[in-house]
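Below: the structure, in structure tokens.
The values are calculated or read from the model by the stated rules, or taken from the named source; none is laboratory data. Remember, predicted model here, so these are calculated numbers, not experimental data. Heads up, the Cβs are rebuilt from the backbone with ideal geometry, glycines too, and the neighbour counts pull from every protein chain shown.
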Amino acid sequence: MTTPGQKRSLWLAAIGVPLLLASAFALQTRIDASTRTEARIRQELLLSSPAAIKKLSLGYDSLLADIYWTRAVQYYGGQLAAQRFQLPLLWPLLDITTTLDPKLVPAYHFGAIFLSEPLAGANRPDLAVQLVQRGVAANPTVWSLDGDLGFLYYWHFRDYQNAAAAYLAGSQTERAPAWMKIMAARLQQKNGSIQTSRMIWSQIYASNTNENIRQLALQNLRGLRAQEDEQAIDGLAEKYRQQFGRFPASTRELRDTGFIRGIPVDPAGYPYVLEPAGNTSLDPRSPVIIPKEPRTPPPPVK
């Protein structure tokens, strides 16, 4: 015999779930519609809070989380393809996704990259930290999330203390790789060198199968090599000045006077440019990107 309470639950499921699925479909239509403005889409999306959506899901949390995660990926890819880099809906979509399913690890991992990257993302590493902190709390045995958090603190903020703590926490989980503990030790010594950065990006490149992330890692590794080259050439230019009383006019002049062998080129094959004040820079035609300076660390998440 069905009780009144059971009947009410069945009725809610019959009505609520189709409504939620219809809402998700409507969201997809809104995001895809080229005639909709970003402000209009954002306003419509935020009419439902993550907590409200979870309450209405009636046990279909994982299903709806998958839908919202799929939309987040499609939205990110679509905006980048259209060369729109503000991505105002990315955080709301990820917020809803991880509220519905806190165990959806890829949403934290890839979502953090989507949010944090300055050139191929939302340029919001502060929100990426918040997202991954949520993931670590919900998935304490997943060492890779601690690694993501350590990377965000180090790469975007040079916050050595929190970065070291994150890597150390991850190193203590089951099946964590040995390099996590090595990174914790290096960062505890406030080692913000190019070598440390290269080690992190090399591990990201080696441990990921996603081609977009591997390309991002490769791009940063090339940028780090170029940064190291520039520092070396700057040093040689200063030695040249000390010997001849002026900076060299070009790297060719450094070569002709025996300071270097050949003309140094960046990872894309373009010669470095030596400025009049002795500073080295990339050729304007080069696709290599030098990593930007880190930001101020974000405030603790409440």
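A few notes on this one:
- Scoring T251 on the criteria (1) within 23 Å of F157 (Cβ to Cβ); (2) surrounded by 15 or more Cβ atoms within 10 Å (Cβ to Cβ) leaves a single failure, condition (1).
- Every residue from the stretch 105-129 that is closer than 21 Å to S171 by Cα and surrounded by fewer than 19 Cβ atoms within 10 Å (Cβ to Cβ): V105, P106
- Hits in the stretch 222-235 (condition: among the hydrophobic types (A, V, I, L, M, F, W, C) and either buried (at least 18 other Cβ atoms within 10 Å of the Cβ) or in the same structural domain as F110 (by TED's automatic domain parsing) (or both)): L224, A226, I233
- Tabulated pairs, the stretch 183-209, first under 22 Å from F110 (Cβ atoms), second of a type in the set (D, E, K, R), C-beta under 6 angstrom, 6+ apart or interchain: Y205/R214; N208/R214
- The set of residues from the stretch 66-80 being of a type in the set (S, T, N, Q) and either out of contact with any helix residue (DSSP H, G or I) (no Cβ under 9 Å at 6 or more places or on another chain) or more than 13 Å from T98 (Cα to Cα) (or both) comprises Q74, Q79.
- Flag for S197 being in contact with a Gly (Cβ under 9 Å, 6 or more places away or on another chain) and not aliphatic (A, V, I, L, M): no
- Scanning the stretch 213-269 for residues that are hydrophobic (A, V, I, L, M, F, W, C) and part of a loop (DSSP other than H, G, I, E, B) gives F247, A249, F259, I260, I263, A268.
- Test for P271: is it without any contact (Cβ under 8 Å) to a residue 24 or more places away in the chain and within 27 Å of I289 (Cβ to Cβ): yes
- Restricted to the stretch 70-104, and to residues there that are among the basic types (K, R) and more than 19 Å from L145 (Cα to Cα), the residue that is surrounded by the most Cβ atoms within 10 Å (Cβ to Cβ) is R71.
- Out of Y205, Y240, sole residue that is of a type in the set (F, W, Y) and under 19 Å from G262 (Cα atoms): Y240
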